[in-house]
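Structure, as structure tokens:
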Amino acid sequence: MALRAAHLLGIEALAPDEITYLLDLSDSYVDLNRQAVKHADVLAGLTQVNMFFEASTRTQASFELAGKRLGADVMNMAMQASSIKKGETLIDTAMTLNAMHPDLLVVRHPHSGAVNLLAEKVNCAVLNAGDGRHEHPTQALLDALTIRRAKGRLHRLTVAICGDIAHSRVARSNILLLGKMENRVRLIGPPTLIPSGAADWGVEVYQDMAEGLAGADVVMMLRLQKERMDGAFIPSEREYYHRFGLDRAKLSHAKEDAIVMHPGPMNRGVEIDGTLADDINRSVIQEQVEMGVAVRMAAMDALARGRKERAQ
Ligand code: NCD
């Protein structure tokens, strides 16, 4: 089985069996990545282009490594902030690249919907590496894989997503994925950082960490996305940490074996206590990074197979 769609633009378009398929395939790549020789040739001869119109450390490195481990020719385009001002520029860049016959295009863009627009204009498979506050599908998949491996299942879990939900594509993709797999999702944060329509998403909304974390299996912290804030959303970082920052006292309300997650990059002492983030008995933040490479290998493998099947 490959994926039904030609692109991976969001979790929204994925069916539960496609999510399970991708996670199973990812598990096999976790095994490969732990070998001394980490190579498979499933993308040999194919060209992967990474276009990041927004700063990224782990996602870009992860996609680059994933492509290289699968034998693709990988090119990173350094996109300058100055080239993203107009929609036309994006499409022009895409058309130029398209003429070079890439097979996989990995795109991150600050505008929600930009990656979908681009996917309509090119002939290759497009992977969304994060668009504005819309979606970040490989992040939700790597989070799901981390949860599934830590908890032994990916259904009927209580997952608390805490902090800056309003500006977070990670939250959106996770809410969609966890909902599709029949988990209970809680959002915890100040009203200014919870989107107004959140109550209609099939989630429970809390403004108090103790209440929202009670009985949670998974505690997912989010970065305060200051670059997407156009005003004051919190009184002060100190006050925010006091009310919403995850420390051991607040975590004690969750289940005893609850795991702590963060997509990175972290603001230590703002949304999470640094020593808790580093505590390997509670925090799976490093595992998330490890799973990220495997998930991206699986996603590119699946899309490349789909392309091959469609071409036959
Ligand atoms: C996230 C992103 O870029 O959306 N980071 C990531 O991909 N690991 C979250 C964030 O920037 O806070």
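Fewest first, what order do Thr138, Thr89, Thr59 take by the number of other Cβ atoms within 10 Å?
Values: Thr138 29, Thr89 14, Thr59 24.
By the 10 Å Cβ count, ascending: Thr89, Thr59, Thr138.
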Review point. So what is the diffusion coefficient of the stretch 96-163 in µm² per second by Stokes-Einstein at 37 °C and 0.692 mPa s, using a Kirkwood Rh over Cα pairs?
Key: 235
Point to revise | Selected from Met266, Met297, Met100 as most flexible by GNM, with the chain as the system and alpha-carbon contacts under 10 Å | key: Met100
Practice item. Specify the angular offset, from 0 to 90 degrees and rounded to the nearest 10, of the alpha carbon long axis of helix 58-69 from the longest principal axis of the alpha carbons in the chain. Key: 40
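Counting alpha carbon pairs within less than 8 Å and at least 6 residues apart, what relative contact order, in whole percent, applies to the stretch 149-210? Don't skip to the answer; put the middle values down first.
Working: 85 pairs, mean separation 21.7, N = 62.
Relative contact order for the stretch 149-210 comes out at 35 percent.
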Check your understanding: When the Karplus curve 6.51 cos²θ - 1.76 cosθ + 1.60 is applied with θ = phi - 60°, which whole-Hz ³J(HN,Hα) does each residue of the stretch 278-293 get, with x for Gly and Pro?
Key -> 8, 7, 5, 7, 10, 8, 10, 4, 5, 4, 4, 5, 4, 5, x, 5
Check your understanding: Expressed in nm², what is the orientationally averaged projection area of the convex hull enclosing the Cα positions of the stretch 175-312?
Key -> 10.6
Check your understanding: Nearest 10 degrees, 0 to 90: what angle lies between the long axis of helix 16-33 and the longest principal axis of the chain (Cα atoms)?
Key -> 80
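Compute the signed sum of charges (Lys and Arg +1, Asp and Glu -1) over the other residues within less than 15 Å, Cβ to Cβ, of Ala78.
Numbers: positive: Arg108; negative: Glu54, Glu64.
So the surrounding residues net to -1.
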Revision key, fill the gap. Computed, not fitted: 222 nm per-residue ellipticity of the chain from DSSP H runs ≥ 4 (each -39500 (n - 2.57)), nearest 500, equal to -12000 deg cm²/dmol
Check your understanding: What pairs from Lys38/Lys151; Lys121/Lys226; Lys68/Lys308; Lys121/Lys180; Lys68/Lys121 go past 24 Å between their alpha carbons?
Key -> Lys38/Lys151; Lys121/Lys226; Lys121/Lys180; Lys68/Lys121
Review point. Where does the stretch 224-289 land on Rg(C-alpha)/(2.2 N^0.38 Å)?
Key: 1.18
Practice item. Give me Asp143, Asp41 ranked fewest to most by other Cβ atoms within 10 Å of their Cβ, as a rough exposure proxy. Key: Asp41, Asp143
Review point. Across 5 Å bins from the origin, how do the percents of Cα pairs in the stretch 1-142 run, short distances first?
Key: 2, 9, 19, 23, 23, 14, 7, 3, 0, 0
Exercise for review: Arrange Ser112, Ser252, Ser196 by Cβ neighbour counts within 10 Å, fewest through most, would you?
Suggested key: Ser196, Ser252, Ser112
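Using the Cα atoms of the chain to build a convex hull, what is its mean projected area in square nanometres? Kindly include the intermediate steps, with their values, before the conclusion.
Values: hull surface 62.5 nm².
Hull-based average projected area comes out at 15.6 nm².
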Revision key, fill the gap. For the chain, the dipole about the Cα centre with charges only on Cβ (Lys and Arg +1, Asp and Glu -1), to the nearest 20 debye, works out at 240
Review point. Among residues other than Ile165 whose Cβ falls under 13 Å from its Cβ, what is the net charge (Lys/Arg +1, Asp/Glu -1)?
Key: +3
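Taken together, the values in this text are just the output of simple stated rules run on the coordinates, not laboratory data. The structure presented is a predicted model; accordingly, all values stated were derived computationally and were not measured. When we count neighbours, we look across all protein chains shown, and the Cβ atoms used for this are built from the backbone with ideal geometry, even at glycine.
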